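Okay, so here's the structure we're looking at.
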Amino acid sequence: MSGMTADMAKAQYARAVDALNRADWKQAQQLSMDLVRKVPEHAGVYFVAGVAARELLQIPLALQCLERATRLNPTRADYLAQLARPLSQATLS
């Protein structure tokens, strides 16, 4: 985790989720993309990053992040449902 403790990562993830829930897409993206580099096997981090990217109309990044989230945690139907949204946006563009 390159200089970041587990507690620090959990706190940053909680802030990213809070930003996502407040529709603060830029903050959610900034916090989650920073975590992607530090905890690359955490599906939730990719989910937050992907939803934020989709809301910011960064469709290729949204697809990449949400695909990774669903691969890391294929049992989460909400991850798959969110992946469908940028997939439909990508085919309409």
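The values are calculated or read from the model by the stated rules, or taken from the named source; none is laboratory data. None of the values given here were measured: they were computed from a predicted structure. No Cβ is skipped: glycine too gets one built from the backbone with ideal geometry, and neighbour counts run over all protein chains shown. Each accessible area value is taken on the protein alone, full model and side chains, heavy atoms only, with ligands, DNA and RNA left out. Shrake-Rupley method; radii C 1.70, N 1.55, O 1.52, S 1.80 Å.
Brief remarks on what is shown
- Estimated Rh, segment 12-93: Kirkwood, alpha-carbon pairs, angstrom: 12.1 Å
- 0 to 90° range, to nearest 10: angle between helix 59-72 axis and the chain longest Cα axis: 60 degrees
- The chain, dipole about Cα centre (Lys/Arg Cβ +1, Asp/Glu Cβ -1), debye to the nearest 20: 60 debye
- Rolling a 1.4 Å probe over the heavy atoms of the protein chains gives the chain an accessible area of 57 Å² per residue.
- Against the chain, whose longest principal axis is taken from its Cα atoms, helix 25-38 shows a tilt of about 60°.
- Within the listed set Leu83, Leu35, Leu57, the residue fluctuating most in the Gaussian network model of the chain (springs between alpha-carbon atoms under 10 angstrom) is Leu57.
- Between 0 and 90°, nearest 10: helix 77-92 axis offset from the chain longest Cα axis: 50 degrees
- Surface composition of the chain: carbon plus sulfur atoms hold 56% of the accessible area, using a 1.4 angstrom probe and ignoring ligands, DNA and RNA.
- Remark: relative contact order (the chain) = 21 percent; criterion is Cα-Cα distance under 8 angstrom and separation of 6 or more residues.
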